[in-house]
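The values are calculated or read from the model by the stated rules, or taken from the named source; none is laboratory data. Everything numeric in this text was worked out from a predicted model, so none of it was measured. As a convention, Cβ positions derive from the backbone with ideal geometry for all residues, glycine included, and neighbour counts pool all protein chains shown. SASA here: full protein model, heavy atoms, side chains in, ligands and nucleic acids out. Shrake-Rupley method; radii C 1.70, N 1.55, O 1.52, S 1.80 Å.
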Amino acid sequence: MTIQWFPGHMGKALEQIQDLIKRVDVVIEVLDARLPNSSSNHRLAELRRTKPWIKILNRHDLADPIVTKAWVRELELQTGVRALPMSAKKHADTKPLIKLCQAMAPKRGKPGFPVRTMVVGIPNVGKSTLINTLAGKNMAKVGDRPAVTTTTQQIDLRNGIVLSDTPGVLWPDMSDQNGAYRLAVSGAIGDNAMDSVTVATFAGEYLLGRYPELLQTRYGLQAIPGSANDLIVAVGRRLGCLASGGEVDLNRASEALLRELRAGKIGRISFEEPTAETAQ
């Protein structure tokens, strides 16, 4: 199955971001710490030019900590880029971001001259959660489905920082289907654009190769399943995803595996690691 997903409002959003980026001091890009390359909109990098750029590795508490450290080192090899792992839901995690914005725009942050920042990122990556945590109240819409934010809004944090919230944007060309499937596994792609069994099979193959011990511990498996399909069946039996006759309902079992994976119940898992190519 080929995954294609590009809601109509996203084309307009790219135009808005292209215009707004000229008038901000610092860009804050929110990434999923479990897949920093696949969750980065590569079109945004083209629009950046020399603008100071902070890459937030959100949901770092769900990601493999060793892999996250490697991503921070790799991302900060780029000139003018800083990487900051955090959980956008935790106020304590977001405090360093304010100081970092001020440090990256030292001529701003004075009365009448706030640091103008723009928060960007793909759908369902935690942009609005970050903004609400920074603001201390619900200034941006939050949901557990992609594409909740659909318009641009400006928020004054009243601490020398002004944020511009932007709609989540995915690039229209999803020719990298491995990246598309990683996005689907993470929950960034709408359910109507994916088949749960196919996506869970993709996830299962990766987990069996990279994190088999976590699977064995979570689901009490006596042996590591030999295939992704066997894993889905084993998870389905463990979680009671049964159809009439006691057979495992593959759709329900696949959906359950993806829910568990996205919620971090299997363990701290990263879906990709940095290489010279992916860190660009």
Where residue 274 falls short, out of the listed (1) open to solvent by 40 Å² or more (accessible area, probe 1.4 Å); (2) not in a helix (DSSP H, G or I): (1)
Selection within the stretch 211-235 - under 18 Å from residue 267 (Cα atoms), without any contact (Cβ under 8 Å) to a residue 24 or more places away in the chain and either touching a strand residue (DSSP E or B) at 6+ places or on another chain (Cβ under 8 Å) or charged (D, E, K, R) (or both): 213
Every residue from the stretch 85-99 that is among the small types (Gly, Ala, Ser) and crowded, with 23+ Cβ neighbours inside 10 Å: 88
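Here are some residues: 43, 34, 23. Which one is touching a residue at least 60 places away in the same chain (Cβ under 8 Å) and surrounded by 23 or more Cβ atoms within 10 Å (Cβ to Cβ)? Write out each step before concluding.
Values: 43 fails: surrounded by 23 or more Cβ atoms within 10 Å (Cβ to Cβ); 23 fails: surrounded by 23 or more Cβ atoms within 10 Å (Cβ to Cβ).
Only one candidate passes the filter, namely 34.
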Criterion (in a strand (DSSP E or B) and open to solvent by 70 Å² or more (accessible area, probe 1.4 Å)) met by exactly one of 73, 82: 82
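Inside the stretch 46-80, can you point out the residues that are among the acidic types (Asp, Glu) and under 23 Å from residue 212 (Cβ atoms)?
Pass one, the stretch 46-80, residues among the acidic types (Asp, Glu): 46, 61, 64, 74, 76.
Matches in the stretch 46-80: 61, 64.
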Some residue of the stretch 48-69 being out of contact with any strand residue (DSSP E or B) (no Cβ under 6 Å at 6 or more places or on another chain), at pLDDT below 95 and open to solvent by 60 Å² or more (accessible area, probe 1.4 Å): yes
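Looking at the stretch 181-267, what helices (runs of 4 or more DSSP H) fall wholly within it and have at least 2 residues that are surrounded by 20 or more Cβ atoms within 10 Å (Cβ to Cβ) and small (Gly, Ala, Ser)?
On the way: elements: 196-210, 212-219, 228-239, 250-262.
Passing ranges, in order: 196-210, 228-239, 250-262.
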Selection within the stretch 100-125 - open to solvent by 70 Å² or more (accessible area, probe 1.4 Å) and touching a residue at least 40 places away in the same chain (Cβ under 8 Å): 102, 110, 116
